[in-house]
Structures are given as C-alpha cells and as structure tokens.
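Visitor: Got a structure for you, written out below as structure tokens; questions coming shortly.
Rule-based calculations on the coordinates, nothing more; no lab input. Just so we're clear, the structure is a prediction, and the values are computed from it rather than from any experiment. Counting neighbours? That spans all protein chains shown, and the Cβs are built from the backbone with ideal geometry, glycine included.
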Amino acid sequence: MQLEESLSKKLISLEKLMEDEFSGIQFDSREIKPGNLFIAIEGTSIDGHKFIFQAIEQGASAIIGEKELTDLNIPYYRTTNSRLALAKAASSFYKHPWKRPIMIGITGTNGKTTTSYLIRHILEKQGISCSLIGTVKHIINDREFISNQTTPDPLLLQQLIMESNDEVIVMEVSSHGLHQERVSGIQFDIGMFTNLSQDHLDYHPDIETYFDVKSKLFTLLKPRGEAIIGTYSRWGEVLKHKLQQSGYSLFTFGHKENDDLELIEWNQAEDHCLIRDRREKVDFSSPMPGLHNVWNALGAYSVGRRLHINYKDINKAMLTFPGVPGRFETYKFDQSPNVVVDYAHTPDGLDYCLKTAKQQHPSRLFHIFGFRGNRDRTKREAMLSVSSKYSDFIILTMDDLNNEPYEEMIKEMKMLASRIGDRLKIIPDRTLAIEYAWRNARNNDLLLITGKGPEEYKHEFTYPCKSDKDTINYLLHSTE
Ligand SMILES: CC(=O)N[C@H]1[C@@H](OP(=O)(O)OP(=O)(O)OC[C@H]2O[C@@H](n3ccc(=O)[nH]c3=O)[C@H](O)[C@@H]2O)O[C@H](CO)[C@@H](O)[C@@H]1O[C@H](C)C(=O)N[C@@H](C)C(=O)N[C@H](CCC(=O)O)C(=O)O
Ligand SMILES: Nc1ncnc2c1ncn2[C@@H]1O[C@H](COP(=O)(O)OP(=O)(O)OP(=O)(O)O)[C@@H](O)[C@H]1O
C-alpha cells in the first residue's frame, strides 16, 4: 500500500514506513503514548482528523490520514483509505501473526458464533488447539477474554492472533468488520458463509450491498484457500455462482444433490440426520435443537472434513458438545414451565428459533422479546409477525435502548402491537415481563425469551437481575 509523504510529495510504501520503530499504533487520540503512529479515521460519528493536534501534543511521532494537510510539525502520510492503512499497519506491527496458524473466518447473518464454537470443539477433541474470536468471548491459549465486538478492531485483532500459540484460529467476521477493513491485513485458509437474511439495514443501504460486503471475506482467502458455503439460504447460491468464477476451491453444504455435503433427511423427533458426504451416505446427529443448528453443525462438519478429520471422529465429538451460551439454552423444571433463552434477533433467526420451540410440543408458547434500540428498525415489524405466527402469547419488553429514546421505543411497540390484538401485552420492564409469563404459564407451557441471550442487561429493572438467565433463577427461588 502506497502513502504520500505530505511535504515532499514522495511515495513511500506502508511496509517501509513500518520499519520505523514506532512504540505503538493508535486510531484513538486519547490513547496516544509518546512515539506512537496515529492513524486518523473519518468515522461514522466523528472525523478522527480533528484529533491530530491532540495526538501530536500527546507525543505521536507520525500521522497517517486521508486529508490534505501540510502544516504539521511531524511527518504526515496521506492515504486514500485510513482504515485499510490501519489494518495493514497493525498486521505489520505485530509481524503478520496470522501467517502461522490455520485461519478460519466465518461470515453470515446468523450462526457464526454457534458454528465457531462447534468447530473449536471438534478440533480440540482431536487434540488440535484452537483459538476463538467472536461475539460471546475470545478464547486464546485456553484463556478467556471479554469480547466487546464480534470482530475486534485491527489492533486488538492482530494482538490477539499474535498472542495465540494455538494451531488454528476460528473467528467470526461481521459485515461491520469487513466494511471497516478490520480483517483486511489477514489472509484466510478457510472462509465460511453461513447464510444471509435481513439485518443491519441501519448500516448498509440495502440487502444487496450487505451481501456484497459479506462476500468480501472471500477476496481475503489465501491463494490455495477454500470457501465453504451454506447454500440453504438463497444468498448462499448467489455467492456460490459468484465464487465459481473466481477459481477458488469451493465446498458447499445444503439440501441439494449438487451440494458437496447434502442433508438428505432430518428426523427432528429422533434427532437424527442422514447426510451425503461426497459419495458416501453417513448418519449424523446434531448436538443442538432445531434445523438451524443442524445447518450450523453441518458447517462445522464441513470444516472438520476439509481439515482431514474422519467423519466418525466428528460425529463422536458432536456427542460431547456442551452448547453455546444463550443459543437455545434450555432450562427444564419439574414444578414450573420450561424456559429457553436464545439470542435470536433477526426475523429469520426468530423463525428458526420459534419453530424449534414449537417442535418441543408445549401446551402454549409464551414469547418474550424486544427490539434493540438504534439498530435496524426495518426488521421490527417482520420480527413481530414471525412471533405472532408461532406464539400463543407475546410479551413485548425492553432490549438495549442504545440511546434510542424510551418514549419512542414504547410508541413504536404500541403501534406495531395494535395489529396483533389481546394475545400481546407490553411490559417494558424486562424482569417484570418475564415474571408475568412465568406466573401465567402452566407447567407444560414454554417460555421463550429472545434477543439478549447470555448478554448482561444494560438497564436497571425492578428485580436485581443481570441477565435473562439470572431473572429465571431469581423467580425460581422466589417461588420456592
Ligand atoms: C458504528 C461502528 O461500527 N463504529 C466502529 C467504528 O467507529 P467509528 O467510525 O464510529 O468511530 P467514531 O466514533 O466516528 O470516531 C472516528 C475516529 O475518531 C477517533 N477519535 C474519536 C474521539 C476522540 O476524542 N479522539 C479520536 O481519535 C476514533 O477513535 C475513531 O478512530 O470503528 C471503530 C474501530 O474499528 C469501531 O470500534 C467502532 O465500533 C463500534 C464501537 C461498534 O461496536 N460497532 C458495532 C455496530 C459493530 O461493529 N458490530 C459488529 C457486529 C454486528 C453484528 O453482527 O451484530 C461487530 O463486529 O462487533
Ligand atoms: N444457521 C442459522 N440460521 C438462521 N438462524 C440461526 C442460525 N444459527 C443460529 N440462528 C439464530 O441466530 C441466533 C444467533 O446465533 P449465533 O450467535 O450463532 O449467530 P451469529 O451470526 O454469531 O450472530 P451475532 O453475530 O449477532 O452474534 C441464534 O440464537 C438463533 O436463534
């Protein structure tokens, strides 16, 4: 990547610049330490170029930015893409740590977290150590780190990879991450696409653009890299055709005869699948409830097979999979209704999840959920209509507001709720909403609480509970 030195107008490669001994790199002026390289980014809410002088005051020794600036007293290098420069500089600073392990990147609207947990489990059972980077947590050398982002910024990401001694790194690659070049310094051995459906249309202008961003992962494959594509969603087929022209090695899993891995039959009641792995028919059991998790398990199976793991060993590993926090996490009680906590937050995810809940044959299904504030509002109506298709009772409640005004959220809930009728109740306090369902449900009913999964509440509610799981525990003990 070429940069232009602002005063001399000379071109210099980023690699060459990184031969200078910077004490660190920062894209946030508040974090600058003496001798750091500051990269100014025109962000989604503020222009980082405004903080160049603050960065210099704090001791930055060079600046990269996109604007034409000539009046700085330290070297300033101009680029056409600061985010790309950040990703490449971070990779260079940490000595391209992704070159050592086998790198697996997973993208798609839903199923990234579940699939990455499954892959890690299969590999670890074979004695292959595996780091995991994603939404719930990061696990590096078996040590767990809090995750604030699905795909961390390039500095944290390259640092985590550098610290890993594991043989494989499996990571979730979000559309935000791809669009903001967070993974651009990296080349992957395997790229996986799970599926695509409506989400994040607050950030991407339309679903076609969202898809184009997701498909960018496959431009980051190593020359001998492999693309594993789930073709069970329409967009998987689109991606397959797009990539067929690219010359990459392609492996597809889906329900068609021309897929490399075909789901021939899924017997939900007996929890059994018949699959075709290339030419051979194989019995397979998914370790988590629901067809969506069959797809996730088959995605992980595909990765295992590409890494030359015997299908019998993969099947054996599936038997001991402990599940994923907040992904169809089921609590069964003798004297109270059963409860499922799930992270579903898209219409498609909810459809799979509610269908799976119905397959448990509860007498009545109580669905408790809300809408995430300041995120894609276009999916709210579709989420409610999916809920009303399967649920006997709906309790709309508060998810994270993310600075969306409370009154606006309630107004929208009321407007959407008016179409459903008296099967729906709005109880904004999440702990009271869960309590209402808990007290009104009978033992053979099911409570499905979606949206937050294992995440901690960002708001204070009536009961002193930190999460949906915590609220259930609280109610259980207050009933005793
Ligand atoms: C909306 C969004 O995606 N924002 C990301 C973006 O920040 P930004 O462009 O908004 O930054 P900004 O606030 O406008 O500031 C511009 C620049 O000025 C700098 N600055 C700012 C203030 C100051 O005093 N000094 C200074 O230097 C900032 O550090 C930044 O470099 O670039 C940053 C660096 O990579 C990200 O950390 C940040 O992620 C935010 C915090 C975030 O969490 N975004 C979510 C939406 C996200 O990324 N989610 C996906 C998963 C989505 C999903 O599948 O559910 C994820 O991968 O986590
Ligand atoms: N393959 C799938 N197809 C459709 N929905 C799915 C699939 N897998 C999981 N889901 C639904 O999406 C929810 C989130 O799953 P998961 O965390 O695995 O996806 P994700 O892509 O990592 O999402 P995020 O990036 O938001 O964390 C699940 O709780 C489930 O309701």
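Visitor: Only counting other Cβ atoms within 10 Å, I'd like LYS358, LYS414 sorted with the fewest neighbours first.
Guide: Listing LYS358, LYS414 from fewest to most nearby Cβ atoms yields LYS414, LYS358.
Visitor: Regarding the range 26-143, what's the average projected area of the Cα-atom convex hull, expressed in nm²? Each step should come with its number before you reach the end.
Guide: Numbers: hull surface 38.5 nm².
Averaged projected hull area, Cα only: 9.6 nm².
Visitor: How would you order 225-235, 455-465, 204-214 from highest to lowest mean count of nearby Cβ atoms within 10 Å? List each step's numbers first, then the result.
Guide: Working: 225-235: 22.3, 455-465: 14.1, 204-214: 16.1.
Output ranking for 225-235, 455-465, 204-214: 225-235, 204-214, 455-465.
Visitor: How far is the Cα center of the range 1-65 from the Cα center of the range 405-480, in Å?
Guide: The range 1-65 and the range 405-480 have Cα centres spaced 47 Å from each other.
Visitor: Now for a separate question. Using label points projected 7 Å from each Cα along Cα→Cβ, tell me how many nm separate THR209 and ILE46, to one decimal.
Guide: 2.5
Visitor: Using a Förster distance of 25 angstrom, determine the FRET efficiency expected from the C-beta separation of GLU5 and GLU31, and round it to 0.05.
Guide: On the way: r = 24 Å, r/R0 = 0.98.
For R0 = 25 Å, the calculated efficiency reads 0.55.
Visitor: Please report, in debye to the nearest 20, how large the charge dipole of the range 329-478 is about its Cα centre when each Lys and Arg carries +1 at its beta carbon and each Asp and Glu carries -1 there. Can you show the working numbers first?
Guide: Details: 22 positive and 23 negative charges, 90 e Å.
Here the size comes out at about 440 debye.
Visitor: Return the lysines within reach of LYS312: Cα separation strictly under 22 angstrom, same-chain partners fewer than 8 residues apart disregarded; answer none if there are no such residues.
Guide: Partners found: LYS125, LYS281.
Visitor: Then there's this: What is the helix-to-structure angle for 468-479, meaning the angle in degrees between its Cα long axis and the longest Cα principal axis of the chain, kept from 0 to 90 and rounded to the nearest 10?
Guide: It works out to around 40 degrees.
Visitor: Less than 18 Å apart at the alpha-carbon level, and either on another chain or at least 8 residues along: which aspartates and glutamates does that give for LYS9?
Guide: Those aspartates and glutamates meeting the cut-off are GLU66, GLU68, ASP71.
Visitor: Rounded if a/c is under 1.5, else prolate if a/b is larger than b/c, else oblate: which is the chain, with a ≥ b ≥ c the root eigenvalues of its Cα gyration tensor? Mind showing how you got there, number by number?
Guide: Details: a/c = 2.07, a/b = 1.39, b/c = 1.49.
Verdict is oblate for the chain.
Visitor: How big is the charge dipole of the range 176-330 about its Cα centre, in debye rounded to the nearest 20, if each Lys and Arg gets +1 on its Cβ and each Asp and Glu gets -1 on its Cβ?
Guide: On the way: 18 positive and 21 negative charges, 111 e Å.
It works out to roughly 540 debye.
Visitor: Which entries in LYS50/LYS222; LYS137/LYS414; LYS358/LYS411; LYS112/LYS332; LYS214/LYS316; LYS414/LYS458 show an alpha-carbon gap greater than 28 Å?
Guide: On the way: LYS50/LYS222 37 Å; LYS137/LYS414 35 Å; LYS358/LYS411 30 Å; LYS112/LYS332 26 Å; LYS214/LYS316 32 Å; LYS414/LYS458 22 Å.
Violating the 28 Å limit, Cα to Cα: LYS50/LYS222; LYS137/LYS414; LYS358/LYS411; LYS214/LYS316.
Visitor: A follow-up question, please. Which value, in nm² and rounded to one decimal, describes the direction-averaged projected area of the C-alpha convex hull of the range 97-318? Let's see the in-between values first.
Guide: On the way: hull surface 46.1 nm².
Answer in nm², one decimal: 11.5.
Visitor: Quick one: putting +1 on the C-beta of Lys and Arg, -1 on the C-beta of Asp and Glu, what dipole do you get for the chain around its Cα centre, in Debye to the nearest 20? Before the final figure, lay out the partial values.
Guide: Working: 58 positive and 66 negative charges, 165 e Å.
Once rounded to the nearest 20, the dipole reads 800 debye.
Visitor: Then there's this: Where does helix 347-358 land angle-wise versus the long Cα axis of the chain, in degrees 0 to 90, nearest 10?
Guide: 30
Visitor: So which aspartates and glutamates pass the test for LYS67, namely a Cα distance under 16 Å, with those fewer than 8 places away in the same chain ruled out?
Guide: List returned: GLU4, GLU5, GLU42, ASP47.
Visitor: Next question, about the same structure. Which value in deg cm²/dmol, rounded to the nearest 500, describes the helix-derived mean residue ellipticity at 222 nm for the chain, given -39,500 (n - 2.57) per DSSP H run of n ≥ 4 and division by the residue count?
Guide: -9500 deg cm²/dmol
Visitor: Using a ≥ b ≥ c from the Cα gyration tensor of the range 2-93 (square roots of the eigenvalues), is it rounded, prolate or oblate, where a/c under 1.5 gives rounded and otherwise the larger of a/b and b/c decides, a/b for prolate? Write out the running numbers ahead of the final one.
Guide: Numbers: a/c = 1.20, a/b = 1.12, b/c = 1.07.
Cα axes put the range 2-93 in the rounded bin.
Visitor: Continuing with the same structure: Can you work out the PRE-style zone for ASN440? Point 7 Å along Cα to Cβ, and I want the residues of the range 395-411 with backbone N under 17 Å.
Guide: 395-398
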